[in-house]
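Q: Pasting a structure here, questions to come.
FYI, it's all coordinate maths here, none of it is from the lab. This one's a predicted model, so the numbers in the text were calculated from it and none came from an experiment. Here the Cβ is made from the backbone with ideal geometry for all residues, glycine too, and neighbour counts use every protein chain on show.
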Amino acid sequence: MDINKTQLEALAKEEPKKFKRKSQLEMIWIRYKKNKLALFGLAVFLIIVIVSISTPLFIDYRTQVIKQNIMDKFQTSSAAHILGTDQFGRDILCRLLWGARYSILCGLGVMVLSLSVGAVLGASAGYFGGIYDQIIMRVLDVFFAIPMTLMAISIVAAFGNSIPNLIVAISLGQIPKMTRIIRSSVITLKDQDFIEAARACDTKKSRIIFKHILPNAMGTLIVEGTLTMGKSIILIAGLSFIGMGIQPPAPEWGAMLSEAKNYMLNYPYLMYAPGIAIVLTALSITLIGDGLRDALDPKMKN
């Protein structure tokens with residue numbers, strides 16, 4: 001079929017389509033979206049974070065969370081108390097929502113502290129090597145040999161069970177593992193051509209580490225950070241359960257489980273809400289970490 005002159009002129013005037021190259025973050029998000037479980041984990045975690053941030057706007061801590069009302073104790077689910085009340089007549093739902101703040105805050109604090117210290121120690125040990133590497137690794141081996149839970153209990157017992165002490169205690173158990181992971185990534189990257197080019201340009205060693213090496217190990221850092229946060233939330237709840245973490249009447253989920261264990265036979269619903277909250281939060285963060293690991297895997301780039 002012949003194309004007339006008018007059609008040819010119209011085709012010639014059409015601007016060629018511009019194809020915009022997707023950025024690296026867009027490619028990571030595209031691969032991440034393919035993992036339905038990872039999306040579910042991200043959605044659940046965002047809901048928990050939004051709830052923990054907005055809870056003080058509609059729940060008063062003194063009157064609705066810690067104030068005792070013995071006349072309303074052990075009430076089952078109702079319109080006034082959706083999840084019922086505990087042995088002191090406190091609304092379980094209000095305490096559950098407020099307790100998310102403690103878990104998210106402590107988990108995030110452990111992740112940031114362990115990542116920051118582990119990144120500095122691991123990057124410097126892997127880059128410089130030699131006696132400096134040996135000293136750092138041997139010191140961390142001492143911490144690595146001590147069970148993380150036992151170390152956290154010892155530190156909290158010695159310095160008190162405040163939130164900062166709890167974050168530091170758990171972080172000390174996570175730093176050795178984080179340092180080793182980052183060190184292995186740095187050892188792999190430091191002999192790459194772009195690092196050799198930076199050395200040839202007489203770039204400062206600190207700039208090479210923080211501007212060239214660590215950004216290229218960011219995928220490993222993010223994945224390990226999310227997994228560390230999930231483990232930390234479980235450990236924080238465990239410490240609170242045995243009385244070494246956040247203390248009542250603060251509505252930390254582990255502390256709520258500890259208070260409910262004495263009534264679990266007659267009032268089992270007291271344990272359901274905090275137990276499910278701990279499992280769901282840790283599971284959502286773990287799913288996010290698994291999704292990020294797959295999305296950041298170079299073998300999956302198309």
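Q: Apply the membrane-span-like helix rule to the chain: whole DSSP H runs, Cα extent along the own long axis of at least 20 Å, mean Kyte-Doolittle hydropathy at least -1.0. List the helices found.
A: Answer set is 36-58, 92-128, 130-145, 163-189, 218-241, 269-295.
Q: Taking 0.36 nm per residue of separation and subtracting the Cα-Cα distance, what length does fully extending Trp29 through Met271 add?
A: The Trp29-Met271 span can extend by a further 83.4 nm.
Q: Further question: What does the charge dipole of the chain about its Cα centre add up to, to the nearest 20 debye, if the Cβ of each Lys and Arg holds +1 and the Cβ of each Asp and Glu holds -1?
A: Roughly 540 debye, rounded to the nearest 20.
Q: Using the number of other C-beta atoms within 10 angstrom as an exposure proxy, rank Tyr272, Tyr102 with the fewest first.
A: Going from sparsest to densest Cβ surroundings: Tyr272, Tyr102.
Q: Just want the answer: with Cβ charges of +1 for Lys and Arg and -1 for Asp and Glu, which residue in Ile208, Ile53, Val139 is farthest toward the dipole's positive end in the chain?
A: Checking the options against the dipole of the chain, the answer is Ile208.
Q: Working out 0.36 nm times the residue gap between Ile242 and Phe159, then minus their Cα-Cα distance, what length gain in nm do you get to one decimal?
A: Between Ile242 and Phe159, full extension yields 28.2 nm more.
Q: Let me ask something additional. Please name which of Ile236, Leu221, Tyr263 has its Cα lying farthest along the dipole of region 190-287 towards the positive end, using unit charges on Cβ (Lys, Arg +1; Asp, Glu -1) and the Cα centre as origin.
A: Leu221
Q: What translational diffusion coefficient, to the nearest whole µm²/s, does region 183-295 have by Stokes-Einstein, given a Kirkwood radius computed over alpha-carbon pairs, a temperature of 4 °C and 1.567 mPa s viscosity?
A: The calculation lands on 75 µm²/s.
Q: To the nearest 0.05, how large is the calculated FRET efficiency for Phe58 and Met218 if R₀ is 30 Å and r is the Cβ-Cβ distance?
A: Efficiency for this residue pair is about 0.20.
Q: Please list, by residue number, everything in region 120-159 whose backbone N is under 17 Å from a paramagnetic label point 7 Å out along Cα→Cβ of Ser206.
A: Zone members listed by number: 120-125, 127-128.
Q: Suppose we look only past 16 Å in the calculated P(r) of region 47-158. What percent of the Cα-Cα pairs does that tail hold?
A: 73
Q: Highest mean first, what order results for 33-41, 108-116 on Cβ atoms within 10 Å?
A: The densest-packed peptide leads the list: 108-116, 33-41.
Q: Then there is this: What does the chain give for Rg and for Dmax, in Å, if only its C-alpha atoms count?
A: Radius of gyration, then largest Cα-Cα span, for the chain: 25.8, 91 Å.
Q: Beyond 15 Å, what percent of the Cα pairs of region 133-227 remain?
A: 68
Q: Another question, then. Counting every Cα pair in region 233-279, what percent are over 16 Å apart?
A: More than 16 Å apart: 29 percent of the Cα pairs in region 233-279.
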